[in-house]
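Working notes, structure below.
The values are calculated or read from the model by the stated rules, or taken from the named source; none is laboratory data. Being a predicted model, the structure only gives us computed values, none of them experimental. Note: ideal-geometry Cβ built from the backbone for every residue, glycine included; neighbour counts use all protein chains shown. To get the accessible areas, we keep the full protein, side chains included, count just its heavy atoms, and leave off ligands, DNA and RNA. Shrake-Rupley method; radii C 1.70, N 1.55, O 1.52, S 1.80 Å.
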Amino acid sequence: MRIGIIGKGAIASYVVNALAVTPDVHLAARLLRQPQADAVTHVAELPPVDLLVDCAGHAGLTAHGAAALDAGIDVLTLSLGALADAELYARLEAAARDGGARLHLASGAIGALDALRAGRVGGLGTVRYSGTKPPQGWRGSPAEEVMDLGAVDAPTAHFTGSAREAALRYPKNANVAAAVALAGIGFDETEVKLIADPGAPGNIHRIEAEGAFGTLDFTITGTSLPDNPRSSALAAMSAIAAIAQARAPIRFL
């Protein structure tokens, strides 16, 4: 299986290193913003690849996703928050149809998405997502506009709204909210709360849902990649798991 990678950050490095020890899979190309000896800058310059893995955030999917799909290349993305942009969503969907390709959504830093997808069949009522991080985990985000992160001494919400609002306002922090929305009742109906908590042992993601299936309450506390405290280890692992699923003769759906 020939893999292309968009990006060169901590998650991209994790994926590249994992691919190096995965049988029958090899890195065929890197797609980067700046030209390098071992990379290209446009989809049209890619050698043949079976799957293009987007590890470059919203900008990577926006810049290259539609071109790859239109060229018939399947894309796996971790940048689910980018799909809150209705125009981009429509452009990617049209490109996938035109190119006969698929945009695969990695589960990222959260779980229980399979239960949400199944529950949606019978009808979901309410879906709530809360994301809690230590105050320093919100540095560089809009949280700094509404609170002094250095002075937070108790769990404090700095955002309450829809998953669409969260994904658009927090492009580096709300991919999980977007994943929950896409698996469940959509960007506009999914309720989101983002919290700074000095006592948080890590990044805590919680999903609460109810529907004809019953009720769901799922919580996970994630750790970060050693190379980047802002990158989820589980998100990087989910990309490798998705690649394995794409190759497996027996697989989960």
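Let me spell it out: the conditions are (1) under 17 Å from Ile204 (Cβ atoms); (2) outside any strand (DSSP E or B); (3) charged (D, E, K, R), and Arg128 meets all of them except one. Which number is the exception?
(2)
Might you check whether a residue that is farther than 30 Å from Ser162 by Cα, surrounded by 15 or more Cβ atoms within 10 Å (Cβ to Cβ), at pLDDT 95 or above and not β-branched (Val, Ile, Thr) occurs anywhere in the stretch 78-94? Break it down stepwise before answering.
Filtering the stretch 78-94 down to residues farther than 30 Å from Ser162 by Cα leaves none.
Checking the stretch 78-94: not a single residue is farther than 30 Å from Ser162 by Cα, surrounded by 15 or more Cβ atoms within 10 Å (Cβ to Cβ), at pLDDT 95 or above and not β-branched (Val, Ile, Thr).
Being assigned to a helix (DSSP H, G or I) and modelled with pLDDT under 95: is that true of Ala181 here?
Working: assigned to a helix (DSSP H, G or I): yes; modelled with pLDDT under 95: no.
It is false that Ala181 is assigned to a helix (DSSP H, G or I) and modelled with pLDDT under 95.
Scan the stretch 116-130 for residues that are small (Gly, Ala, Ser) and surrounded by fewer than 16 Cβ atoms within 10 Å (Cβ to Cβ) and report the count. It would help to see each step written out before you state the result.
So in the stretch 116-130, the residues small (Gly, Ala, Ser) come out as 118-119, 122-123, 125, 130.
Remaining after also requiring surrounded by fewer than 16 Cβ atoms within 10 Å (Cβ to Cβ): 118, 122-123, 125.
Counting residues in the stretch 116-130 that are small (Gly, Ala, Ser) and surrounded by fewer than 16 Cβ atoms within 10 Å (Cβ to Cβ) gives 4.
For the stretch 23-32, check the following and say yes or no: at least one residue is closer than 28 Å to Arg230 by Cα and under 17 Å from the mean Cα position of the chain (by Cα).
No, every residue in the stretch 23-32 fails to be closer than 28 Å to Arg230 by Cα and under 17 Å from the mean Cα position of the chain (by Cα).
Any chance the stretch 63-71 includes a residue that's part of a helix (DSSP H, G or I), farther than 28 Å from Arg230 by Cα and touching a Gly at 6+ places or on another chain (Cβ under 7 Å)? Explain how you work it out, then say what you get.
First pass over the stretch 63-71, keeping only residues part of a helix (DSSP H, G or I): 63-70.
Now drop any that are not farther than 28 Å from Arg230 by Cα, which leaves 67, 69-70.
Restricting the remaining residues to those that are touching a Gly at 6+ places or on another chain (Cβ under 7 Å) gives 69-70.
Yes, the stretch 63-71 contains a residue that is part of a helix (DSSP H, G or I), farther than 28 Å from Arg230 by Cα and touching a Gly at 6+ places or on another chain (Cβ under 7 Å).
Does the stretch 32-58 hold any residues that are modelled with pLDDT under 95 and open to solvent by 70 Å² or more (accessible area, probe 1.4 Å), and which are they?
Selection gives Arg33, Gln34, Pro35, Gln36, Ala37, Asp38.
What tally of residues in the stretch 15-51 results from selecting those that are out of contact with any Pro (no Cβ under 7 Å at 6 or more places or on another chain) and farther than 15 Å from Ala244 by Cα?
Qualifying residue count, the stretch 15-51: 19.
Against the definition (modelled with pLDDT of 95 or more, out of contact with any helix residue (DSSP H, G or I) (no Cβ under 7 Å at 6 or more places or on another chain) and closer than 17 Å to Phe187 by Cα), how does Gly125 come out, yes or no?
Details: modelled with pLDDT of 95 or more: yes; out of contact with any helix residue (DSSP H, G or I) (no Cβ under 7 Å at 6 or more places or on another chain): yes; closer than 17 Å to Phe187 by Cα: yes.
It is true that Gly125 is modelled with pLDDT of 95 or more, out of contact with any helix residue (DSSP H, G or I) (no Cβ under 7 Å at 6 or more places or on another chain) and closer than 17 Å to Phe187 by Cα.
Just checking, does the stretch 104-115 include any residue being open to solvent by 10 Å² or more (accessible area, probe 1.4 Å), touching an Asp or Glu at 6+ places or on another chain (Cβ under 8 Å), modelled with pLDDT of 95 or more and not in a helix (DSSP H, G or I)?
Scanning the stretch 104-115 turns up at least one residue that is open to solvent by 10 Å² or more (accessible area, probe 1.4 Å), touching an Asp or Glu at 6+ places or on another chain (Cβ under 8 Å), modelled with pLDDT of 95 or more and not in a helix (DSSP H, G or I).
Take the residues in the stretch 211-253 that are charged (D, E, K, R) and out of contact with any helix residue (DSSP H, G or I) (no Cβ under 9 Å at 6 or more places or on another chain); name whichever of them is modelled with the lowest pLDDT.
The first filter runs over the stretch 211-253 and keeps only residues charged (D, E, K, R), leaving 217, 227, 230, 247, 251.
Those left that are additionally out of contact with any helix residue (DSSP H, G or I) (no Cβ under 9 Å at 6 or more places or on another chain): 217, 247.
Details: Asp217: 98, Arg247: 90.
Restricting to residues being charged (D, E, K, R) and out of contact with any helix residue (DSSP H, G or I) (no Cβ under 9 Å at 6 or more places or on another chain), the top hit is Arg247.
Of all residues in the stretch 194-244, count the ones that are farther than 16 Å from Trp138 by Cα, of a type in the set (S, T, N, Q) and surrounded by 15 or more Cβ atoms within 10 Å (Cβ to Cβ).
1
If you take the residues in the stretch 131-164 that are open to solvent by less than 20 Å² (accessible area, probe 1.4 Å) and of a type in the set (A, V, I, L, M), which one is nearest to Asp197 (Cα to Cα)?
Leu149
May I ask you to list pairs of residues, at least six apart or on different chains, whose Cβ atoms are under 8 Å apart, with the first in the stretch 151-178 being basic (Lys, Arg) and the second being open to solvent by 60 Å² or more (accessible area, probe 1.4 Å) and not in a loop (DSSP other than H, G, I, E, B)?
Close Cβ pairs satisfying both conditions: Lys172/Arg230.
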